[in-house]
1. Among the listed residues Glu104, Glu89, identify the single one that is assigned to a strand (DSSP E or B), at pLDDT 85 or above and over 27 Å from the mean Cα position of the chain (by Cα).
2. Might you let me know whether the stretch 138-159 holds any residue that is at pLDDT 85 or above, of a type in the set (A, V, I, L, M), more than 27 Å from the chain's Cα centre (by Cα) and not in a loop (DSSP other than H, G, I, E, B)?
3. Does at least one position in the stretch 113-128 carry a residue that is surrounded by 10 or more Cβ atoms within 10 Å (Cβ to Cβ), within 27 Å of the chain's Cα centre (by Cα) and at pLDDT 65 or above?
4. Considering only the stretch 75-85, I want to know if a residue exists there that is part of a helix (DSSP H, G or I), modelled with pLDDT of 80 or more and not β-branched (Val, Ile, Thr).
Amino acid sequence: MFCSRTLLFCLFCVSVAGCTSLPNHFNAYKIDVQQGNVLTQEMVAQLKPGQTRDQVRFILGTPLITDIFHQQRWDYVYRYHNGQTGTVEQRKFSLFFDKDDLLERASGDVDVATVADLTVPASRTRLVDLGSLGDAGVTTQMPPPEEPGYFRRFFDWVGF
């Protein structure tokens, strides 16, 4: 009789413990998950019809999906899952090549460059201010170098 009650109590405790969960205000830290190829508008703007596969791979990187049944198509897929908010951002970009392995067309979530973008020269330099020396910087002198210590002088005397 005592053994059956103990067994029943243990079974009840195990079943109740399996059903518990944390309250909503005790959330564990969830990381941001980034998967796939990150394509920027500047990268896609460099694509032009007639480029070879090697040129496209140099600009955009290796495609995420190369299908053996559709060898003339490359797919670049990007997925970002924000761990804190739970929002998911997805982008898909496909490139199509002709029978001579030259870029024919592109489609997807990232816009391809227009003719105006390709004809206008873009300035890729920017001015970085590293700070300027004032008059106070010119008048101050550097401190003299420190003399070597005992061990350094000994090692120099020995020849190390």
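The values are calculated or read from the model by the stated rules, or taken from the named source; none is laboratory data. Everything numeric here is computed off the predicted structure, so don't read it as measured data. Quick reminder, even Gly has a Cβ in these numbers, built from the backbone with ideal geometry, and neighbours come from all protein chains shown.
1. Glu104
2. Within the stretch 138-159 (the criterion being at pLDDT 85 or above, of a type in the set (A, V, I, L, M), more than 27 Å from the chain's Cα centre (by Cα) and not in a loop (DSSP other than H, G, I, E, B)), the answer is yes, since at least one residue qualifies.
3. No; the residues of the stretch 113-128 include none that is surrounded by 10 or more Cβ atoms within 10 Å (Cβ to Cβ), within 27 Å of the chain's Cα centre (by Cα) and at pLDDT 65 or above.
4. Just the residues of the stretch 75-85 that are part of a helix (DSSP H, G or I), to begin with: none.
No, the conditions are met nowhere in the stretch 75-85.
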